[in-house]
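Here is the structure we will look at, set down as structure tokens.
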Amino acid sequence: MRLRYGVPLGITAVAAAGLLYSAGFEARFFRLRRVTVPVLPSGMRPLRILQVSDIHMVSGQRKKQRWLRSLAGLRPDFVINTGDNLSDPEGVPEVLDALGPLMEFPGAYVFGSNDYYGPRLRNPARYLVEKATGRHGLNGNPPAVGAIHNPWEDLRDGFDAAGWLNLTNTRGTLKIEGVSVELTGLDDPHIKRDRYAQVAGGPSGTADFSMGVVHAPYLRVLDAFTADGYPLILAGHTHGGQLCIPFYGALVTNCDLDTDRVKGLSTHTAEGRTSYLHVSAGCGTNRYTPVRFACPPEATLLTLVGRE
């Protein structure tokens, strides 16, 4: 009896414990990542950016809502929301309530695919297949049939009413205590809504600092921003890999970005130029896969300082 059933029962117990930990604890173990980025012109005062991403709000997630509200205590210079706020068509009021204190600060946003469309149950192994084939989202895959449309217009109207800049394939400028920050944004490349031609040309030269913002860090977008001379790009989408292997890291990024840059600060080079890239691991999950392992949910406070 012990030989035949001991090992399978042990494996089952370990798997159950891992699932309980990843869903019951780590997925709600919110943390703040702090990063310093040397990108500002010499002599310019530091800027503090709070990046929130991939909230994937589901009605009733009170702990997540309280944590998001508490981030206002950091008093950033401005806030960047890199999309995927929803994982529930009924979640818009709770997103706006949770981000309410942060919307007292200057800010800007782009949307991700989950802002436009409701989540679907899918086999997690498909992410490995997509990595192997190089097909992600609508990039090489057929359009989804019967997709649920989220009320993204209500989310947009709430952000706009608070004064946040809508960076959907456009540019905008924030004034921060006499400092002008030019933001160039794109709609989500994961569902092929990015239109870089509409914003191409690089920084205008009229602002004190310029940066790029996008939800999913696809290489075509990173190449374009970098080649055009943006010193910093902010993105989300990857969930940091979501289910990672300790001492190894992420298995997938859900786009064509390599796993070495699945989260945190790195660099990107294109056409002889180099930009800093920050990818947020986000603070939520798809409602059908509410687990994280070796990849806690997060927001990031980026302190921009003068170039070395």
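The values are calculated or read from the model by the stated rules, or taken from the named source; none is laboratory data. Everything numeric in this text was worked out from a predicted model, so none of it was measured. All Cβ positions, even for glycine, are placed from backbone atoms using ideal geometry, and neighbour counts span all protein chains on display.
Points worth noting:
- Applying the condition of being outside any loop (DSSP other than H, G, I, E, B) and β-branched (Val, Ile, Thr) to the range 260-276 and asking which residue is nearest to Asp77 (Cα to Cα) yields Thr267.
Residue-wise test of (1) among the acidic types (Asp, Glu); (2) at positive phi; (3) part of a helix (DSSP H, G or I).
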position: Gly201; (1), (2), (3): no, yes, no
position: Arg220; (1), (2), (3): no, no, yes
position: Thr226; (1), (2), (3): no, no, yes
position: His278; (1), (2), (3): no, no, no
position: Ala281; (1), (2), (3): no, no, no
position: Thr300; (1), (2), (3): no, no, no
position: Glu308; (1), (2), (3): yes, no, no
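- Restricting attention to the range 26-47, the residues being surrounded by fewer than 17 Cβ atoms within 10 Å (Cβ to Cβ), of a type outside the set (S, T, N, Q), within 20 Å of the chain's Cα centre (by Cα) and assigned to a strand (DSSP E or B) number 4.
- Within the range 255-280, considering residues that are touching a His at 6+ places or on another chain (Cβ under 6 Å) and either buried (at least 18 other Cβ atoms within 10 Å of the Cβ) or without any contact (Cβ under 8 Å) to a residue 60 or more places away in the chain (or both), the one farthest from Gly60 (Cα to Cα): Ser275
- Residues that are more than 30 Å from Arg75 (Cβ to Cβ) and surrounded by 15 or more Cβ atoms within 10 Å (Cβ to Cβ) do not occur anywhere in the range 157-168.
- Test: residue in the range 238-249 that is under 21 Å from Met211 (Cβ atoms) and either part of a loop (DSSP other than H, G, I, E, B) or without any contact (Cβ under 8 Å) to a residue 12 or more places away in the chain (or both): yes
- Applying the criterion of at least 2 residues that are at pLDDT 95 or above, among the polar types (S, T, N, Q) and out of contact with any Leu (no Cβ under 7 Å at 6 or more places or on another chain) to the helices (runs of 4 or more DSSP H) found wholly in the range 62-178 leaves 62-70.
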